[in-house]
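Novice: Encoded as structure tokens, here's the structure I'll be asking about.
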């Protein structure tokens, strides 16, 4: 069975000492201003590979969308997201109870994306990464 990519990414990021103090989740909270710095993770697609007739592991390559909120300056949200992307780039063959992160690659971003529902002093940056998991 394939691991839940969101749970796997959350477990990895929450355990990283360099990201201590950052909140992670899978949904944007209503009380966003009370939860920053915050990074929301959501699987938005990807593909799975079945083992060949010769054997091998079932693997998954989910696309994971990351949204990071911080403030009061736009650069704070960008720096937050860059720190998360850096930690994901370090994930090589990481074995967790939720599964294995083989590697991560940035597909898009980071990009500043205004959040019209957020308080004016909060800024959002987004990126999409592809995890290879099994």
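Novice: Select from the stretch 118-134 the residues that are in contact with a helix residue (DSSP H, G or I) (Cβ under 8 Å, 6 or more places away or on another chain) and under 15 Å from residue 40 (Cβ atoms) and write down the one among them that is surrounded by the most Cβ atoms within 10 Å (Cβ to Cβ).
Specialist: Out of the qualifying residues, it is 125.
Novice: Same structure again: Can you report the number of residues in the stretch 97-115 which are touching a residue at least 12 places away in the same chain (Cβ under 8 Å) and closer than 14 Å to residue 67 by Cβ?
Specialist: Residues flagged as touching a residue at least 12 places away in the same chain (Cβ under 8 Å) and closer than 14 Å to residue 67 by Cβ within the stretch 97-115 amount to 7.
Novice: Return a yes/no flag: does the stretch 72-89 have any residue that is assigned to a loop (DSSP other than H, G, I, E, B), over 18 Å from residue 129 (Cβ atoms) and in contact with a strand residue (DSSP E or B) (Cβ under 9 Å, 6 or more places away or on another chain).
Specialist: Within the stretch 72-89, one or more residues are assigned to a loop (DSSP other than H, G, I, E, B), over 18 Å from residue 129 (Cβ atoms) and in contact with a strand residue (DSSP E or B) (Cβ under 9 Å, 6 or more places away or on another chain).
Novice: Give the residues of the stretch 91-117 that are loosely packed, with under 13 Cβ neighbours inside 10 Å, closer than 23 Å to residue 7 by Cβ and touching a helix residue (DSSP H, G or I) at 6+ places or on another chain (Cβ under 9 Å), sorted by residue number.
Specialist: Passing the criteria: 97, 105.
Novice: What single numbered condition from (1) farther than 16 Å from residue 127 by Cβ; (2) buried (at least 18 other Cβ atoms within 10 Å of the Cβ); (3) out of contact with any helix residue (DSSP H, G or I) (no Cβ under 7 Å at 6 or more places or on another chain) fails to hold for residue 58?
Specialist: It is condition (2) that residue 58 fails.
Every residue, every condition in (1) within 23 Å of residue 3 (Cβ to Cβ); (2) crowded, with 16+ Cβ neighbours inside 10 Å; (3) touching a residue at least 60 places away in the same chain (Cβ under 8 Å), yes or no:
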site	(1), (2), (3)
14	yes, no, no
43	yes, yes, no
81	no, yes, no
88	yes, yes, yes
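Novice: From the set of residues in the stretch 23-40 that are closer than 13 Å to residue 80 by Cβ and either free of Cβ contacts under 8 Å to residues at least 40 places away in the same chain or surrounded by fewer than 19 Cβ atoms within 10 Å (Cβ to Cβ) (or both), which is nearest to the chain's Cα centre (by Cα)?
Specialist: 40
Each value in this text was obtained by applying a stated rule to the coordinates, not by laboratory testing. These numbers were taken from a predicted model, which means no experiment stands behind them. Here Cβ is always computed from backbone atoms with ideal geometry, including for glycine, and neighbour counts include all displayed protein chains.
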